[in-house]
Structures are given as structure tokens and as C-alpha cells.
1. Which whole-Hz ³J(HN,Hα) couplings does the stretch A:33-45 yield from phi under the Karplus relation 6.51 cos²θ - 1.76 cosθ + 1.60, θ = phi - 60°, glycine and proline marked x?
2. How large is Rg/Rh for the stretch B:162-266, to two decimals, with Cα atoms and a Kirkwood Rh?
3. If I take every Cα pair under 8 Å that is 6 or more residues apart in the stretch B:177-314, average their sequence separation and divide by the length, what percent do I get for the relative contact order?
4. Considering Cα pairs under 8 angstrom that are at least six residues apart, work out the relative contact order of chain B and quote it in whole percent.
5. Test of understanding: ordering B:Asp238, B:Asp255, B:Asp285, B:Asp277 by Cβ neighbours within 10 Å, fewest first, what list do you get?
6. Stretch B:Glu339-B:Glu165 to full length: gain in nm at 0.36 nm per residue minus the Cα-Cα span?
7. Where in the stretch A:98-171 are there GluC sites (Glu not before Pro) that are in a DSSP coil and have at most 15 other Cβ atoms within 10 angstrom of their Cβ?
8. Place a point 7 Å from the Cα of A:Asp159 along the Cα-to-Cβ direction; which residues of the stretch A:35-59 have their backbone N under 18 Å from it?
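A short reminder: the numbers here are calculations on the coordinates, not readings from a lab. On a predicted model such as this, the values are computed, not experimentally measured, just so you know. FYI the Cβ positions are ideal-geometry reconstructions off the backbone, even for glycines, and counts take in every protein chain you see.
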Amino acid sequence: MKDMKDVVVARSNPTIPAEIRQQASELILDSVLHLDRMELEAWIDCFDQTSCYHVIPRENIDCGYPSAIIRCDSLDIIKDRLMVLDVSSKYNPHWDRHFLNGTQFQSYENGILIAHTNFMIVQSTLEGFSKLFVAGHYEDKIVFTADGAKLRERIVVLDTFSVPNLIAVPL
Amino acid sequence: MKDFAGVQVNWPRNDYSRVPYSIYHDPEIYALEQEKIFRGRCWNVLCLEAEIPNPGDFRVCHVGDTPVVVNRDDDGELYAFVNRCAHRGAEIVREPWGTAKEHTCIYHAWLYNRKGDLKGVPFRRGANGKGGMPECFDMKNHNLVKVRVTSFNGVIFGTFHHDMEPIEDYLGPLFTKHVGEMFNRPIKILGYQRQRIAANWKLYPENIKDAYHGSLLHEFNRTFGLSRLTQVAGGYMDEKHRHSILFQYKGSDSDEEALKAYIENGVKKGEIAGLNDYSMVNIIDENPFGMSTRVMNVFPNCFFHQIGNTLAMRKIRTLGVDGFELTWVLYTYADDSEEMVQHRLNQANMVGPAGLISMEDGEALEMVHRTTKSAAEDEMAVIEMGGIGSIGDRDTRVNEVTIRGFWAYYAQLMGFAPEGAEQ
Ligand code: FES
Ligand SMILES: [Fe+2]
């Protein structure tokens, strides 16, 4: 199936400074390592002050429907979700591991880098059984602050939109 | 014909206050459910009219295991047929949704119109005077299996029984009122949330009819007063006890009162936590009956919810004895302000597979399914909250009588209700 959102881009846009691409790649990798280690405070630190985080089923994008599975339109709402996860959510005890491929750098204009990265998450039970949990891609808007590269926006486009059981920990 | 005469269920009590765990795991029971329930005398929800607004629009839906194509013809009428070619059984429509003039099977290119009538058989008369179909082959006798459809305020239901009672009679007055109210004006689809739960499908209607768990399993509910056992609430059914509605009134208890009750019952966990952003739990009054939440099950595969300001139709599709897919179709009213649409999109955080008050259900159901698999024949669920004996409505959430209502109707349809059973 053709990706209806596919835009033709070079694998790596050479007009974007290597330094910028390097910082962004490290940020993207850090963000998922924090999730795998359940360092949720550190994961939040990957976002800047005016950021949003959405998880959207691919079918909704294809159908032109706006709703998401997770829709955090501000840093406060992202924090609330993690607080709820900590104090009241109940979910399957598990470990996650993210697997990313190389990032596609789409554009870098007015200090905002647009980067797309495919991911797979393998989930393992506490009894040591693993399976592919979800696949999809990140559409990130990255800004460069005095504190280094930060996510201004992360849209998680979910190919596995018929979600195995539930999503508790952010993707 | 497969003979199901051997399918037996041991109900030790005729009020369904005991449910044998084997009922979730027996493949023969599952096969019988496909026949007696999904292909049986029921109205199953298919989709919403707003999902197929224009002529030619189609969507593949499922009635139990059976794939059904629902589409709209040029005259605006709705038609549905089983997605199985009348030639040798191939799947005809291969995309989950789209728009089509007609439907062609890719295997040997038999062509069907939107009603499911066979309209073309390539090389029917052979080639070069050889081969082809016999003289006696009549296309009229090879249409697709038709599903009778009906739209209730834009909610499309289907049945394999062309003499089923009208949908209003099937719903009964209470559900005609509530479903009717939720779809009392044109809607717009906001989108889907889907999840696959590794549990028998019956655990889902049970969960939806289980008023007791709402604030024990879902702590978010009790923390933010969206649903608490201390609230004015109820669990009501239609006269056959097959459909159910659970509802409550937010604000009918106080935080202090609730905290005290939960502490006394040993399930308190700390102080009531705060949020940085309260917009999600802010409910804008719109329910004419004043209910902050109402969750309905229309037997067998259909659910509706109004949770605060999120509105959805949910449906289940069976995936064998050990799993089902749950689809949430979220919507808004066409005349809603942009602000209200955004509010509904924000509140959708509470529902679906990552929902702050719904993710736990998938986990609870998988746990039950996993551990009951190894249960002995005489091990059973105990369903006594809200009382035993006769099945009826209760004005409380400390109540499981609606679950017994499900089993009562289910066992009747399946033909294995015990002697003198409650109905
Ligand atoms: S199976 Fe469909 S045309 Fe032959
Ligand atoms: Fe629940």
C-alpha cells in the first residue's frame, strides 16, 4: 500500500548542517532509551516548554479523522498523563525495547528541524516472553535551545492501530 | 449440519449467580455462538451512516467472525452482504473502506453490484465455442449472502434473519430513548480507536455491565469523581434483560464523603491527587437526563458511551475463542462549536486502549481469560453483588445484577438455559 502521506525526500538532507543532524539523532535516541528504562522524568526533559505529544492511528490520518489515542496538547497534560500512570493506572507489567532506523531529516527552517524516524517496540513479559508490540513512525519537530535539542512536537503515527491490549507507557 | 446437541453448560443456580469458567474457553460453545447469536436472531451493529455518507461508500464490518460489506447505493439506500464470493469463496472487497461503483472478485473477476447481486461472469459462454458455464447456470441464483440492514438514527444494524422484529422493538423503550438521544441530530466522525484483547468476547459485555468495578479498577474515575460507588447511579435493563445501561451523576457525592467510604472499605490509596490541567475532567452539561456518564450494551456486539463529553459507539468482532477486537467510533455533533470539538478530542484521552479510565479493562479481561483457562469444570465466577434471585434494575453501582441479565438472555438464545431459570 502506498503511504498516502509519503513525500519524496532524500534519506539525509545534505543542506542541513551535520551538527544539527547529530544533535537531533542523539535526542531521538535518548528519548526512546529513557522510555525503555522507565525514566519518565528524563523523557519529559526531552520536550521543550511548549510541546505536544500525540499518538494517532494511521487509519485516522488516512480517513481524515482528527482523533488520537493519546492527545497531549501541552507539557502540563503530558505530565498529568505520567502522574496518572504512576498513581492510578493498572497495566500489564512488562519491559519495552524500541528499535529505530535512521532518521529522515525533512527540512530545517527558522530553527525548526523536521525529522521522521521509524520505530518498532518489542515488549517482553516478566516471564521472559517477547513479541512485537507496535510499529510506526515518529514525526518530530525539534528546536535547538540553550539546553540543547528539544522536542517541540512528537506525533507518533501508529501502523499497529489495532493495539495489542493497551498502551500505558508512552511510545 | 454440525450437531450441537452435545453442548451442555452446567449452571448450578438458575439465577446465573454462578458462571462456569469453561464457558469462555469451549470451542464448541464458540461455534454455537456464531450460529445462535451472531448469525442468530439478533440485531448486530455494523457501523454508523456517517462513516459511509456518499453513494458508493463502503466499509467492511464484522458480525461475529463473518465479514460483511456495508455500502450505500446511488439512491442513498444502505445494503450489506457477506464478503465471500459466490463462486469459490474468495474475499471480494479487500480494503477496509473506500468508494466503489461495483465489487469485483480478483480471483476470477465475478462482478457484483452494491446490493450483492451477481452481474458478471467472465467467459460464461466459453471461448471459441468451448468451455463456459452450463446452460442451466442462472446468475440470479448466485447472489451474495444478503444481510438485512436498518438504520436507527444513523446507527446501522444488520441481521441474517430477514424477519427480525423492527429495531425499535428490539431496543425497547429505554434504549430507544437513550440511543435515540445520543444520535438525535447529525454527527461527524472524530475517528477510531481499536484494540485487540486476548480474552473471550463475552468478558466484554460482562465488563460493560459490571457497575462494581468502575471505580475500583479505574482509580482515575474515583480520584476525579467521574464515577464512584458513593454516587447516585443505576444499572437498568430492557424487559428481556439483554441490553443494559449503567449511569451515574457526577457531583452527587462529595470528595470527603467518597474518600471516607473508600478508606472504610480498605481501598483508599493516598490523598486525592491533583492535575496540572483540569480541562479533561471538566464536564460540560449536555445530557438532558443530567447523567455525567452512561454506558450501554445493546446485545450482542454493540455498545454506546457518553463519558463526560466523549461520545462513542463501540463494537466487538470475535477473533476465535481467545480474542476479540474492540473498535471505538468517536463522534461529535455536526452543529458543535469548534471549541466543543476540541474538548471532545481532549476528553478522548480517557477512553480507548490508552484511556485513563479504560486501559485497565483490557488487562483485567486478559487476566481473567488467562487464569480461567486451567480451571476445573466445577470452578465458577460468583456474581452476587446487588443480590441474587430475580433479575432486575438497581439504583446503585454496587451491583452486578446486569451481568446476570446478560447470561439469562444468552443462555436462552443458546438453548441451554437451566430448568426454571430466571429470565
Ligand atoms: S472465487 Fe471469486 S470469482 Fe472465483
Ligand atoms: Fe471498565
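1. For the stretch A:33-45, the Karplus-derived couplings read 5, 4, 5, 4, 8, 6, 8, 6, 4, 5, 4, 4, 5 Hz, x marking Gly and Pro.
2. Details: Rg = 17.2 Å, Rh = 16.6 Å.
Looking at the stretch B:162-266, the ratio lands at 1.04.
3. Relative contact order, the stretch B:177-314: 22 percent.
4. Computed value for chain B: 22 percent relative contact order.
5. Ascending Cβ contact count within 10 Å gives the list B:Asp285, B:Asp255, B:Asp277, B:Asp238.
6. Additional length available on full extension: 58.6 nm.
7. Values: sites: A:Glu109, A:Glu127, A:Glu139, A:Glu153; in loops: A:Glu127.
In loop regions of the stretch A:98-171 (DSSP not H, G, I, E or B), the sparsely surrounded GluC sites (Glu not before Pro) are A:Glu127.
8. Flagged as within label range: A:55-59.
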